[in-house]
Amino acid sequence: MAAPKVEDHFGLLADIGAISSILSESNDLQGFLDRVVNMVAEHLHADVCSIYLYEDETGMLVLCSTHGLREDAVGKIRLPVGDGLVGKVLKELRPIWVDRASEHPDYHYFSELGEDAYEVFLGVPIQRGIEKIGVLTVQRRDRHRFESAEVQAMRALTAQLAAAIETARTLMQVASLQVAVDQVESQTESGTFIKGRKASPGYAMGPLVRFTRNPAIKILEAYRDDAKGIGDKEALDRALASTQQDLRDMQQELETKLPEVAALIFEAHLMMLKDRSFTGEMQDEMEKGREATKAVAIVAFKYIQLFEGSKHDYVREKAHDVEDLALRLLKHLDDRQERSGQDWHGAIVVAHELLPSDILMITLADVAGIVLCGGGLTSHISIVVRALSIPMIVTNSNLLDDLPEGETVVLDADEGNAYINPGPEILEKFTDREALRQKAEEQRTSMLEKTLTSDGERITLLANINLLSELDLALDLNAEGVGLYRTEFPFLVRPSLPTEEEQFLVYSKLLKRMDSRVAYLRTLDAGGDKMLPYLEVNPEPNPALGLRSTRLAFKFRDVLHAQLRAILRAGLDAPGMHVMFPMICSLDEFRAARQTVSEIAKELSEEHQQELAIPPVGMMVELPSTVELASAFAAEADFFSIGTNDFIQYMLAVDRNNASVIDYYCPHHPAVLRGLARLAGAAEEAGIPCSVCGEMAHDTKYVPFFVGIGVRQLSVDPHYLPDIQKCIQKWSMAEMRQYAQDLLGQDSIADVEKVIDANVKK
Ligand code: PEP
Ligand code: MG
C-alpha cells in the first residue's frame, strides 16, 4: 500500500465538518460510532480504526466500535486506564505512536481482538477540557509508520469529534446504567447485577452459597436435644470408619493443593477419632441407651466446652475441629443431615469476612469463586486466593444478603462484576470468555531454559513462591530456582504455630522439588499487616514501623529457633539452599541473625554427630538505612535480595497498602533509583550475588534498569516469567547500562518519566 499523502488529511478534516450529517444518517448511537471509524480508517489509509470509550463508573476503557478488528470483541474488550497502549494514551493524555506495537512494553495482547497483524499503531486521546472521553486508534498492517502530519490530523479530528462522541457515550452509558438499575431493583428475568472491585482475577459460575462461620453448633444442638435419635452401635462404628476414610481422602487432596498444611491439619482430626476417651465416650453414652446421633452430639458438646474454656487461642480453635468431626459423623449416621452451609464445592461463596483460618476451607471445598461483602481484605488472604487461582471480588453492596442460596451467580472478577440469575445474554458472554480464556491458557508459550540479553549475557530468572502449589507453574516455565520463598504462609494458613517438625516437612518438600536449583528461604516476615493471631503482641499504633519481621523473630526467639532448625535440617541435602533475613536495619542486627544461624548449625552438628555445612546467609534489602551502609553490609552478607515493595514504602514514607497515598508510591522516584544503584554497585564490588524480588522486578520498564545497574538475578511471581525473558532478549548490555545511567542522571520524577518514555519502544 502506498503511504498516504499529507494532503489527504485535509479531505478528512473537511468531512468532519459534516459530523452532524453522519449523526443524522445513523440509525442509532452505535451506528454513528461505526461510521466514524469507517471514515477515519478510509482517510488515513489505515487497516484498523477503533474507538474506546472511558467509563467513569468503573475507570475502564471499553472497545465500542471498530473497523478492521473482530466485531464480536466490541463491548467485551475492557482495560483499565494505564493498561496497554490504549490505556497509556488516556492516562498520559497524549498521542502515542509506535511501529511495532507488540514489542512495546505496554502492549497488552487480547487474543479475542485479532489485531496481531496490525503492528503500526497510533492512539490519540479524546477529551473535552479535563474530561476524559476515550481513545481513538488507527493501526496499519504494513510498515508505513504514521507521520507527524497524520498525528496532527488525528488530534484535530478527535478535538472536533469529542463533543459528539461525548454525547454518544453519555447516552449509551445512561442506557446501560438503566439496565443495571432495572436489574438491581426489579430483579427481573435479566437477574441482579452487583458491582465490586476485583481482588483475584478470573471468571466463574455456580450457585450462591452463604459463608456462615458457625452453623455447626445449631445442628449439634438439634441432635442433642432431639427426643428421637437414630443409629445403633454398628452404625456408629461404620460412621467412624467412613469419617476416617473421608479425612484421609481430604488429606490426599490437600497434598496437591495446599501441601504446607496437608500433613498438619487432619492428623489432629484423625487422632481425635482414635482417641479412646473421645470415641469411647460415645460408646459409653450408647451403653446408657442413647442412639448414635445423640451420643455423638453429647460428647461433641462436652469437648467443645472443654476447649472453649481454655485461655489459649490455639486450644479454643480446636473446638472447631470437634464441631467439624461431629458433623462428619452425623452425616454418615443420618442421610438427612446436609451439613448445611458447608457444601461449597463449585459454588460462589458469599462472605462478610475471611480469616486466614478460612483458607483451608476455601482450598478444600473447591469453591468456584468468592464475593466478599464489605469486610476488609488483608493482603495475605488476597495473595492466597490469587495463588489458588480462585476468582474473587469485593463489594459494598448488601443486595446479596437478601438473595436466597442456590441462585446462579456469574462472577466476572476481571471486571469486578457479579450477575445473579443472569439472562441468556450474560450467560453466552460468560461461555465465550471462558472458551477464549482456555484457549489462551493452552497457547501459553513455555520459556527457554536460559535467559540471555541480545548480546548474550546471562540473566537468571527466579520465581517468588508463597504456596507450594505455585511451584508447578514455576517449574513448567523453566524458572531457574526460587528467589523468594515467603515462609510466613504455612504460619498464616493455620490456627496455631507450626512445630519444627511440621515446618521441616514443608521446607523439605520445597527443596526436594528444587533439586539442585537455588532456593532462597526467607525467615518469618510476620507482623505489620501479617500478624499471627497466636503470637501475643500488643496492638500497635503504627504496625509498619513496629514489631515486624526480624524484629518480631528476635522477640519470639523460640519461634525463630524452631524455624531455623527446620530450615537447616531440610537443607542438609539441598546444595542450592540460601537463608535470608527480612527487613534488616543495622549491621548489628544482621550479625545477630547470622550468629543465630551458626549456633543452630552447631547444635544440629552435635545432634547429628557430623559437621553441618552452613548455607549462604544473606539479607533482604528493604530499608533506607542499608543504602549508606551498603558496602559494610556487602562485606558481611553472602548475598543481597532487594525487596523493592518495602524499600519504596520506607524510602518514600508511603504505606504500600493505603489507597489514598498510592500516587506517592513511585518506584521510579530518583531517590529510589539511586538507592538501588548504590546497593547493586556495592554488591558487585564485593562480588556477592544481588537479586531483586519486589514487584518492580516484573515491570518491563525497570527490568533493563536493574540489569544496567549490575543486577543479574530477578525473582518474580511465576506468571510474569515469560514477559521478563522476552524483555531481556531485546536489550544489549550497553543499551541497558546507558538506560540506567540516563535514569540516574535525573533529579525529578517527571524527568525520569521522560527517559522511560523515550525508551518505551524497546
Ligand atoms: C518486598 O518488600 O519487596 C518483598 C519482596 O517482601 P514482601 O512483599 O513479602 O514484604
Ligand atoms: Mg518486604
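Numbers at a glance
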read-out	value
Hits in the range 529-546 (condition: surrounded by fewer than 19 Cβ atoms within 10 Å (Cβ to Cβ) and within 16 Å of ligand 1 (Cβ to nearest atom))	Asp529, Pro543, Ala544, Leu545, Gly546
Failed item in (1) within 30 Å of Ser516 (Cβ to Cβ); (2) out of contact with any helix residue (DSSP H, G or I) (no Cβ under 7 Å at 6 or more places or on another chain); (3) within 16 Å of ligand 2 (Cβ to nearest atom), with Pro616 passing the rest	(3)
Gly681 being within 24 Å of Trp731 (Cα to Cα), away from ligand 2 (no atom under 14 Å from the Cβ) and buried (at least 20 other Cβ atoms within 10 Å of the Cβ)	no
Residue within the range 552-566 that is within 16 Å of ligand 2 (Cβ to nearest atom) and not assigned by TED's automatic domain parsing to the domain that holds Pro259 present	yes
Among (1) under 30 Å from Ala544 (Cβ atoms); (2) surrounded by fewer than 20 Cβ atoms within 10 Å (Cβ to Cβ); (3) more than 16 Å from ligand 1 (Cβ to nearest atom) - the single one Ala566 does not satisfy	(2)
Pick from the range 619-633, criterion buried (at least 24 other Cβ atoms within 10 Å of the Cβ) and in a helix (DSSP H, G or I), ranking: nearest to ligand 2 (Cβ to nearest atom)	Thr626
Residues located in the range 695-707, provided they are within 16 Å of ligand 2 (Cβ to nearest atom) and buried (at least 24 other Cβ atoms within 10 Å of the Cβ)	Met696, Ala697
Cβ-Cβ under 9 Å pairs, at least 6 apart or on other chains, the range 676-701 side more than 22 Å from Asp723 (Cβ to Cβ), far side within 11 Å of ligand 1 (Cβ to nearest atom) and assigned to a helix (DSSP H, G or I)	Leu679/Phe647
Residue that is surrounded by the most Cβ atoms within 10 Å (Cβ to Cβ), among those in the range 507-528 that are within 16 Å of ligand 2 (Cβ to nearest atom) and of a type outside the set (Val, Ile, Thr)	Tyr520
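The values are calculated or read from the model by the stated rules, or taken from the named source; none is laboratory data. Worth saying up front: this structure is predicted, and the values here are computed from it rather than measured. Cβ atoms come from the backbone with ideal geometry, glycine included; neighbour counts cover every protein chain shown.
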